[in-house]
Amino acid sequence: MMKKQLKYIALVFGVLSGFAQANLGLPISVGNTVQEMDKLLRNQLTNGQLRELAQRFLQAGDLRTAFNTMHILALKDDRRAQLDLGRFYFRGDGVAQDYGKAYWWFSEAAEKGSAMALTNLGILYAGGYGIKKNLPHAISLLEKAASANDSHAMLVLGMLYYNEDKIKSLSKAFRWLEKGAKRGNEEAIFRLALMYERGEGTKRNRPMAISIYKDLIAQKSRFSEEAKERLEMLSDNYN
């Protein structure tokens with residue numbers, strides 16, 4: 001896959017060479033033993049131990065050291081770590097934001113079969129992050145990721161067909177959101193309910209929308225508050 005450099009899509013989807021050991025700057029206050037730190041500096045930790053250590057730094061809020069630790073793992077061709085590095089660079093977490101490096105690491109992970117990396121590459125092309133916006137190529141990458149059952153790719157496809165004027169198709173948006181919802185993607189489920197409520201891309205079905213909103217609330221979904229607001233608005237409209 002090509003190694004090229006990388007707007008609103010990132011806002012919608014709330015979508016983580018040699019390494020100088022001297023720049024690690026590792027803190028000693030996150031519950032790690034002296035022996036563990038020594039093994040890290042000597043590059044003697046297994047991949048699993050490196051991942052666990054990076055997670056502990058993340059939990060401690062030390063994003064920079066989490067990034068540095070994950071970087072070591074990525075250089076060992078671990079695709080999950082490469083995907084995480086792409087996310088770090090894309091968001092600017094613990095490192096200067098750099099879409100070009102995000103693209104590079106996503107590409108590395110995608111070459112090793114990561115569907116989520118393909119989805120992130122699709123988002124970069126769809127939003128024109130550091131590269132020329134290319135919706136057809138974005139759709140192609142996202143469809144490939146969706147074929148590997150990545151529900152986030154299905155969500156992004158649904159939102160592209162919903163929002164992008166050049167390819168706008170509410171029926172396609174509905175179909176992709178429905179696919180994502182069936183895979184358990186909470187945002188796809190919520191947005192599918194909105195389409196049922198408004199009759200967008202499908203026949204209006206407010207009882208179905210209400211049922212979905214209630215399920216999201218009962219499951220304490222991260223969209224439960226939004227679901228409560230929609231239920232209140234529907235209730236007000238009925239009264």
* Hz values of 3J(HN,Hα) by residue in the stretch 85-91 - Karplus curve (6.51, -1.76, 1.60), Gly and Pro given as x -> 4, x, 5, 4, 5, 5, 8
* At 7 Å along the Cα-to-beta-carbon direction for both LYS182 and ALA148, put a label point, then send me their distance in nm to one decimal. => 2.1
* Structure fact -> Highest mean packing first, using Cβ neighbours within 10 angstrom, the peptides 57-70, 184-197, 130-143 sort as 184-197, 57-70, 130-143
* So what J values fall out for the stretch 61-67 if you push phi through Karplus, 6.51 cos²θ - 1.76 cosθ + 1.60 with θ = phi - 60°, rounded to Hz, Gly and Pro as x? -> x, 8, 5, 5, 6, 4, 4
* Apply 1/(1 + (r/R0)^6) to the Cβ-Cβ distance of GLN97 and LYS166, taking R0 = 30 Å, and write down the FRET efficiency to the nearest 0.05. => 0.65
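Read-outs throughout are calculated quantities, based only on the coordinates presented, and are distinct from any laboratory measurement. Small disclaimer: the values here were computed from a predicted structure and weren't measured. Using ideal geometry, Cβ is built from the backbone for each residue, glycine included, and neighbour counts are taken over all protein chains shown.
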